[in-house]
Amino acid sequence: MRAIRRFTVRTVLPEPLAPLGELALNLRWSWHTPTRDLFASLDPRKWEAARHEPARMLGLLTPEELQVLAEDAALVRRVRAAAEELHGYLTSDRWYQRQQDVPASIAYFSPEFGIAAALPQYSGGLGILAGDHLKSASDLGVPVVGVGLFYKTGYFKQSLSRDGWQQETYPVLDPDGLPLSLLREEDGAPAVVTVGLPGGRTLRAHVWRAQVGRVPLLLLDSDIPGNDERARTVTDRLYGGSKEHRLQQEMLLGIGGVRALRLFSRLTGAPEPEVFHSNEGHAGFLGLERIREHVEAGLEFDEALEAVRAGTVFTTHTPVPAGIDRFGRDQIETYFGGDNGVDGVPVGKVLALGAEDFDGGDPSVFNMAVMGLRLAQRANGVSRLHGVVSRDMFEGLFPGFDATETPISSITNGVHAPTWVDDRVVALLAEQGGVVGDGSDKGAVDWSAVERVPDEALWALRRTLREQLVQEARRRLRRSWLRRGASPAELGWVDDALDPDVLTIGFARRVPTYKRLTLMLRDPERLKALLTHPTRPVQLLIAGKSHPADEAGKRLIQQVIRFADQHDVRHRIAFLPNYDIAMAQSLYPGCDVWLNNPLRPLEACGTSGMKAALNGGLNLSILDGWWDEWFDGENGWAIPTADGVDDPDHRDDLEAAALYDLVETSVAARFYDRDEAGLPRRWLQMVRHTLATLGPKVLADRMVADYVGELYAPAAVASRELDGTPDHAGARELAAWKQRVLQGWHAVRVDHVESGDVADSPQVGDPLRVDAYVSLGGLDPDDVDVQLVHGRVNDADSLTDVRFEPLAHAEAYEGGRHRFSATLELRRTGPFGYTVRVLPRHDALSSVAELGLVANAGS
Ligand SMILES: *Cc1c(COP(=O)(O)O)cnc(C)c1O
C-alpha cells in the first residue's frame, strides 16, 4: 500500500544525551571525524543502516535503546565533551577575527550546495564548490550566510539498465528527517517569503536553515500549503523543467533570497549583509531586489544601481556559452513588467541590464551573466586561464578596451581539505608532526611534513587507500549488476574484479560533451592493450551523471559501459553508477592517477583533481583550468593538446593518441619501476612533491581568504562609501556624475598629440616628452584621466606588454580644449610605440573600463 502522506517523527532525547541533537543538526559532523565516530559508537550496525547520517541515526534508535545509552556515564561524558568542543569551534576567534576592515556579513547565493551526501542539493562541481566555500568560511570564521533553494527531490539518482542506459530516479526528501530547522516567527508560525508572479499570483516559500559549522545556510522551499499547485512545484527539482520553471526558481532564489535574509536578520538579530556574492549568474535577480529596496527608500533607479553594485560580487563559472542562463526578453517582460511590474524599477531598465547589445549578441535574449556583470562592481573567473578566457568572452561589453582590461579578475578554486582528505593521510602527516592539535582540524595541516615520511610508509598508505577503493568498487559493481538484472550466480567474477596492486586511474565527472568522457575509447584496441598488459596493466574506474535531458551524454555513458562489460576487460575497467559526494570520498584517495581530458579551454577550473592531489594522487590532465596554472613537471603529467586543430575528430585522435602514449611510456612505466625493496621510488617522489607543493595551494581556505582580501573587503569599503549613510549621498553623487559624463562624452576626443624631438637613434635613458591636446566639451579636467599608453609594437603596429603613464593637466584653452603633458624616460630597448587615451575618472570606480567609455587617439 502507498502512504498518502508522510512525515518524520523526531526523536526525543533523554536529557543526558540532549547535546546529541545539536551535534546531529550542525553539519560540521560532515567534516569532523571525532563527531562521526561518536555517533558510530552508539550502535555501529545502525550507523551503517543510517548511511552515516547522525540525524537519521538518532531516528533509528528506540526510546529503550536511548535510555540504556543515557545511563552509560562514560558515553554521557563523551557526548558532553563533544558538545563543548563544538561550542568552542562556534564561538572562538579564528582567522577572520584578526583581519581589519572586513565586512560584518557576506551573503553567498548559489543555485546548489554540495555539503554532505545526506543533503543532495547539488549536481556537480558548482555545488560542491559552494559547499566547500561555506565550510572553509566557517573554519576561517568568515561571517557568511548561504542562500539557496530546497529541492524536494534534489538531483536525480543514477542507475543503469541492462544495456547500459542511464536511469533516473527522484527520491523525495523529507526536510523533517534532515539536519534542517524551519525559520519561525516569534509566535512559532513558519516564516514566509513571498514573491509576486504575473496574473496576480503569489509564490510563497518557507525557509529551511541548515547550520554548516558557524555558517547558516537558508534554503527556500515552495512546497507549502499556501501555494497553488503550480507554485508548489517551483522547487521540485534541481535543473529540471522548462525555461519558465527555471525563471521562477531564479526569481525565488534571487528576490526571495534577499527577503529571506531580511527575515533572518529580523528574527535572529544576525547582522545585515554588507556584501552580496552571486555564485554564477542564476541568483542575479538579487541585485534587482536590492535596487527595489533602495527605490522604496527614496532613490532613483540609477542611484540605487550604484548603491547596489558597490557591494555586489559576481563569479562566472563557465566559458561554455550553453552553460549560461538566457531567457527570452518576452519572458522578462511578463515577469518583471505588466501586472507584475514594480514602481520605480521599470522593465525597460531591467531588460537593459541583461541585453546582449554588443557585437555577436542576440537581441531577443536576456543574459543572466551579462546582468551579473552589470549589477556587480567586482567580478571574477575561477582560475587564471579562465580569467583570460572570461575577459575575452565578455570583451564586447567594454568596446574600445583591450580584452586584458575587461574588469574580470580571477580567484582559483580550492577544495575543503577536512572534507576531502582521507583520515589516514592526515594520520601519517601527524606522525611527522605535520598536524596542529589533535588532528580533528584537518585544515591545520603542514603539508611539508610529508618530506619526512619514509617511502615504505607512504607506499603502504597508497596501497591501503587503493585496496579500500577496490573493495568499495566491487560492492558498487555488484549492486549495479543486480539492478541491471543479473543473478547472484552470474556475479562470481565481481569478487576478483579489479586488483589492489594494479595502477588505478580514476575519471569521474558530469558528462557534457566538452569533458570528453569517451576520449579514452578513441582506439578501443589500444585501450584494451593498456588494460591487459601482461606486466604493467592499468585499471580504470569511471563515474559520472548525464543531465536527464541530455541524450548525447547518455549515449556516451552507454558507450563506456558497453566497452567495460566485455569479458576480456571487465576485471580492469568499471563504470560506477551514481557519482556523488559519498562515492567521491573513497574514489579520490584510492586512485593513483586522476585523469582529466576536457577540450581546452572549456574547463573553467576543475576541482576533482585537487581532491585527488591532497590524497597523494597524481594528475594526468590536459593543461586546462587549475592544471594549466599549477602543473610543474613533477606533480603529474600534461596531456599535450592539439590547440588550433579545427577538425574536432582529428583533434580528438591526436589528443587520445598522446594520452595512450603517456600512460604507457611514462605513467605505467614509472608506477611499475620498482627497486629491490619493491618500491617505486620515483613515483613516490612525485607523490611527496604533489602533497608538499600542491597541498597548501589547492585549499578552499586559501580560496576563501583570497575572496575576503581581493573582493569582499574592497566591496564592503566601496559599499560603505556609496551606501553607508542614511541619505546614500555617495551613490547619488556617483549616479549624477556618471550621467553627466555619459551625456558629455560625445564631445571628448584626443585632438592631436605632439612629442618633443626624439633623437635620431633613441637609446635607453632618453626622455620622451608628450603633449596631448584634448577636447573635453563640458567636462572638467578632473572628470578624466589622460593616459600615455606605451609598450612594444608588433608588425601590425599593435601595442603589446602595455604600460600606462598619467599625463598631467598643463593648460586650459577656450572651447573646452586642454593640454596634458608628461615626460617619459625610455627604459626598454627594441620596437617602441605609444598612444594617448582619455578615460572617465572618479574615485568610486573600481576599473577604468567600468563605464565602457574611452576616447583613444586617432579613432
Ligand atoms: C569535486 C566533485 C565534482 C567536481 O569535479 P570537477 O573536477 O570540477 O569535474 C563533481 N562531483 C562530485 C561528487 C565532486 O566531489
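The values are calculated or read from the model by the stated rules, or taken from the named source; none is laboratory data. Since the model is a prediction, treat every value here as computed from it, not as a measurement. Ideal geometry is used to build each Cβ from the backbone, glycine not excepted, and the neighbour counts take in all protein chains shown. Note: accessible area is taken over every heavy atom of the protein model, side chains too, but ligands, DNA and RNA are not part of it. Shrake-Rupley method; radii C 1.70, N 1.55, O 1.52, S 1.80 Å.
A few notes on this one:
- Residues satisfying the stated conditions in segment 228-250, i.e. more than 25 Å from residue 330 (Cβ to Cβ) and at pLDDT 95 or above: 232
- Boolean, residue 200 is touching a residue at least 60 places away in the same chain (Cβ under 8 Å) and in contact with a Ser or Thr (Cβ under 6 Å, 6 or more places away or on another chain): no
- Of residues in segment 168-194 being within 27 Å of the chain's Cα centre (by Cα), assigned to a strand (DSSP E or B) and of a type outside the set (Gly, Ala, Ser), the one surrounded by the most Cβ atoms within 10 Å (Cβ to Cβ): 193
Residue-wise test of (1) touching a Ser or Thr at 6+ places or on another chain (Cβ under 8 Å); (2) among the polar types (S, T, N, Q); (3) at pLDDT 95 or above.
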residue: 672; (1), (2), (3): yes, no, yes
residue: 676; (1), (2), (3): no, no, yes
residue: 679; (1), (2), (3): no, no, yes
residue: 701; (1), (2), (3): yes, no, yes
residue: 717; (1), (2), (3): no, no, yes
residue: 722; (1), (2), (3): no, no, yes
residue: 734; (1), (2), (3): no, no, yes
residue: 759; (1), (2), (3): no, no, no
residue: 762; (1), (2), (3): no, no, no
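- Applying the criterion of being free of Cβ contacts under 8 Å to residues at least 60 places away in the same chain and of a type in the set (Asp, Glu) to the residues of segment 6-58, the residue that is least open to solvent (accessible area, probe 1.4 Å) is 43.
- Per the listing 375, 385, 397, the residue uniquely in contact with a Pro (Cβ under 8 Å, 6 or more places away or on another chain) and either under 30 Å from residue 116 (Cα atoms) or not assigned by TED's automatic domain parsing to the domain that holds residue 605 (or both) is 385.
- Applying the set (1) under 24 Å from the mean Cα position of the chain (by Cα); (2) over 20 Å from residue 318 (Cα atoms); (3) acidic (Asp, Glu) to residue 300 leaves exactly one unmet item: (1).
Okay, residues lined up against (1) closer than 21 Å to residue 514 by Cα; (2) open to solvent by less than 40 Å² (accessible area, probe 1.4 Å); (3) assigned to a loop (DSSP other than H, G, I, E, B):
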{"position": "604", "(1), (2), (3)": "yes, yes, yes"}
{"position": "628", "(1), (2), (3)": "yes, no, no"}
{"position": "644", "(1), (2), (3)": "yes, no, yes"}
{"position": "676", "(1), (2), (3)": "no, no, yes"}
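- For segment 478-486, the condition holds for at least one residue, the condition being that it is open to solvent by 70 Å² or more (accessible area, probe 1.4 Å) and hydrophobic (A, V, I, L, M, F, W, C).
- For segment 561-584, a residue qualifies if it is within 16 Å of the ligand (Cβ to nearest atom) and farther than 28 Å from residue 31 by Cβ, and exactly one does: 575.
- Filter result for the condition that a residue is open to solvent by 10 Å² or more (accessible area, probe 1.4 Å) and of a type in the set (Phe, Trp, Tyr), over 151, 122, 108: 122
- Flag for residue 396 being over 23 Å from residue 27 (Cα atoms), assigned to a loop (DSSP other than H, G, I, E, B), of a type outside the set (S, T, N, Q) and more than 16 Å from the ligand (Cβ to nearest atom): no
- Looking across segment 217-274, the residues that are among the polar types (S, T, N, Q) and not in a loop (DSSP other than H, G, I, E, B) come down to 248, 249, 265, 268.
- All positions within segment 733-751 that are among the basic types (Lys, Arg) and open to solvent by 90 Å² or more (accessible area, probe 1.4 Å): 740, 749
- Candidate set: segment 413-440, residues that are at pLDDT below 90 and of a type in the set (A, V, I, L, M); chosen: the one farthest from residue 616 (Cα to Cα): 436
- Test: residue in segment 585-594 that is more than 27 Å from the chain's Cα centre (by Cα), within 24 Å of residue 424 (Cα to Cα) and either within 15 Å of the ligand (Cβ to nearest atom) or buried (at least 22 other Cβ atoms within 10 Å of the Cβ) (or both): no
- Pairs are defined by a Cβ separation below 8 Å, a sequence spacing of at least 6 or placement on different chains, a first member in segment 628-641 that is within 14 Å of residue 692 (Cβ to Cβ), and a second member that is charged (D, E, K, R); the pairs so defined are 630/697.
- Selection of segment 602-611 for residues being of a type outside the set (D, E, K, R) and within 9 Å of the ligand (Cβ to nearest atom) yields 604, 605, 606, 607, 608, 609, 610.
- Just one of the listed residues (553, 492, 506) is more than 27 Å from the chain's Cα centre (by Cα), open to solvent by less than 50 Å² (accessible area, probe 1.4 Å) and either on the phi < 0 side of the Ramachandran plot or among the aromatic types (Phe, Trp, Tyr) (or both), namely 492.
- A single member of 661, 653, 649 is over 25 Å from residue 533 (Cβ atoms) and either at pLDDT 95 or above or surrounded by fewer than 18 Cβ atoms within 10 Å (Cβ to Cβ) (or both), and it is 649.
- Failed item in (1) open to solvent by 10 Å² or more (accessible area, probe 1.4 Å); (2) touching a residue at least 60 places away in the same chain (Cβ under 8 Å); (3) not in a helix (DSSP H, G or I), with residue 404 passing the rest: (3)
- The residue that is farthest from residue 153 (Cα to Cα), counting only those in segment 84-141 that are within 16 Å of the ligand (Cβ to nearest atom), at pLDDT below 95 and not small (Gly, Ala, Ser), is 119.
- Reported count of residues in segment 442-463, each being over 19 Å from residue 500 (Cβ atoms), open to solvent by 10 Å² or more (accessible area, probe 1.4 Å) and without any contact (Cβ under 8 Å) to a residue 60 or more places away in the chain, is 4.
- Pair list, Cβ under 8 Å, 6 or more apart: segment 171-193 residue more than 18 Å from residue 265 (Cβ to Cβ), other residue part of a loop (DSSP other than H, G, I, E, B) and hydroxyl-bearing (Ser, Thr, Tyr): 171/153; 172/153; 173/151; 173/153; 174/8; 176/8; 177/8
- Residues satisfying the stated conditions in segment 330-373, i.e. under 28 Å from the mean Cα position of the chain (by Cα), assigned to a helix (DSSP H, G or I) and crowded, with 19+ Cβ neighbours inside 10 Å: 332, 350, 353, 368, 369, 370, 371, 372, 373
- Comparison of 541, 517, 599 shows that the only residue that is within 16 Å of the ligand (Cβ to nearest atom), open to solvent by less than 20 Å² (accessible area, probe 1.4 Å), in contact with a helix residue (DSSP H, G or I) (Cβ under 7 Å, 6 or more places away or on another chain) and at pLDDT below 95 is 517.
- Residues in segment 693-750 that are outside any helix (DSSP H, G or I) and either at negative phi or aromatic (Phe, Trp, Tyr) (or both): 695, 696, 697, 698, 699, 724, 725, 726, 727, 748, 749, 750.
- Any chance residue 640 is away from the ligand (no atom under 15 Å from the Cβ) and more than 27 Å from residue 466 (Cβ to Cβ): yes
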